[in-house]
1. How large is log10 I(q)/I(0) at q = 0.13, 0.21, 0.22 Å⁻¹ when the Debye formula is applied to the Cα atoms of segment 10-64, each weighted equally and without solvent?
2. Given points 7 Å out from each Cα along the Cα-Cβ axis, report the residue 20 to residue 58 separation in nanometres with one decimal.
3. With each label point set 7 Å from Cα along the Cα-Cβ vector, what nm distance links residue 31 and residue 13?
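Taken together, the values in this text are just the output of simple stated rules run on the coordinates, not laboratory data. On a predicted model such as this, the values are computed, not experimentally measured, just so you know. Because the Cβ atoms are built from the backbone with ideal geometry, glycine has one as well, and the counts that use them run over all protein chains shown.
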């Protein structure tokens, strides 16, 4: 994917798709997530989807633990 095609709207679409997938598959692996929602994105978007999954999981952990991360963005 070319840099200019990686828009904030595309990143938000990826985050939303990953969060929806995680909600339906709480024990799913990154590979399962990529296999299921990856085809809806550019073939080179895998690292972005993995990062969105990592962030979604980190946010969920903060909610359960009641903590904040190093950026101070606890939830």
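1. Values returned for q = 0.13, 0.21, 0.22 Å⁻¹ are -0.26, -0.69, -0.75.
2. The two pseudo-label positions are separated by 2.4 nm.
3. In this crude label model, residue 31 to residue 13 measures out at 2.8 nm.
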